[in-house]
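Take a look at the structure set out below.
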Amino acid sequence: MQGTKRLYLILALTASVCSAQTAPPLAHTKSDHSKGTATFVPSAEIGAVLAPAATGAVADNVMRVVPIHGEYNVGVSVVRRVKVDGKTPPDAILHHEITEICHVLNGSGILITGGKIEGETELPTDDPDVRTLIGPSSVGKVIAGGTRQRVGPGDVVIIPPNTAHGFVEITSDEITYLLLRVDPHRVLAQHNFKP
């Protein structure tokens, strides 16, 4: 009898959740939609960002931070990481509010996601990188645990907020990727790169 009651409860809860998820969408009228303006980032601009030799281990070049209907921002960057003295520099970070979508353009490496940053340090809110590149974030040198994934040209990785991530190994001389940053709280300063 106990099992039957539990089965009925599970069926009732499932029906309730399913009906809530399949409820018809609200009717939209033409006036409900804000008109937007598409943002185009030509390959020539991406090439212009890639052309200069990278200085330092990481070059994060913000090309755009675009407001979307005043509700959130989307950032577009090209990031280049290189080995230093033949070794992959320490790389461990997590962003509290930003989702990153990484599309590898060239090179390869091993990316770790998840886990815990050892010796995690919060970046100051007035740090220029916090305001223009990454939003509120924590950094460290090593990630304990997590999942290692080999990435290369054409691969896409989506990294949600509060997910530790970093390259534990760059397996080519360098790795370059297009990085989209979804900024739901509009913490990144608007930016429009022109080569």
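The values are calculated or read from the model by the stated rules, or taken from the named source; none is laboratory data. It should be emphasised that the depicted structure is a prediction, and the values quoted were computed from it without experimental measurement. Using ideal geometry, Cβ is built from the backbone for each residue, glycine included, and neighbour counts are taken over all protein chains shown.
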(request) Could you please let me know if Val74 is touching a Leu at 6+ places or on another chain (Cβ under 8 Å) and modelled with pLDDT of 90 or more? (result) yes
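Under the condition of being hydroxyl-bearing (Ser, Thr, Tyr) and part of a strand (DSSP E or B), which residue from region 56-106 is surrounded by the fewest Cβ atoms within 10 Å (Cβ to Cβ)?
Residues of region 56-106 that are hydroxyl-bearing (Ser, Thr, Tyr), as a first pass: 72, 77, 88, 99.
The next check asks that each one be part of a strand (DSSP E or B); those that pass are 72, 77, 99.
Working: Tyr72: 13, Ser77: 24, Thr99: 16.
The extreme case among them is Tyr72.
For region 125-166, enumerate the residues that are in a loop (DSSP other than H, G, I, E, B) and either among the polar types (S, T, N, Q) or under 21 Å from Gly115 (Cα atoms) (or both). Steps first, answer last, please.
In the first step, residues of region 125-166 are kept if they are in a loop (DSSP other than H, G, I, E, B); the result is 125-127, 135-136, 141, 145-146, 152-155, 160-164.
Selection gives Thr125, Gly135, Pro136, Lys141, Gly145, Gly146, Pro160, Pro161, Asn162, Thr163, Ala164.
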(request) Kindly list, by first and then second residue, each pair from a residue in region 141-155 that is within 23 Å of Glu122 (Cα to Cα) to a residue that is hydroxyl-bearing (Ser, Thr, Tyr) and assigned to a strand (DSSP E or B), limited to pairs with Cβ atoms under 9 Å and residues at least 6 apart or on different chains. (result) Ile143/Thr113; Gly146/Thr113; Thr147/Thr113
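Yes or no, residue by residue, for (1) modelled with pLDDT of 95 or more; (2) within 21 Å of Ala57 (Cβ to Cβ); (3) surrounded by 15 or more Cβ atoms within 10 Å (Cβ to Cβ):
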| residue | (1), (2), (3) |
| --- | --- |
| Ser138 | yes, yes, yes |
| Asn162 | yes, no, no |
| Gly166 | yes, yes, yes |
| His191 | no, no, yes |
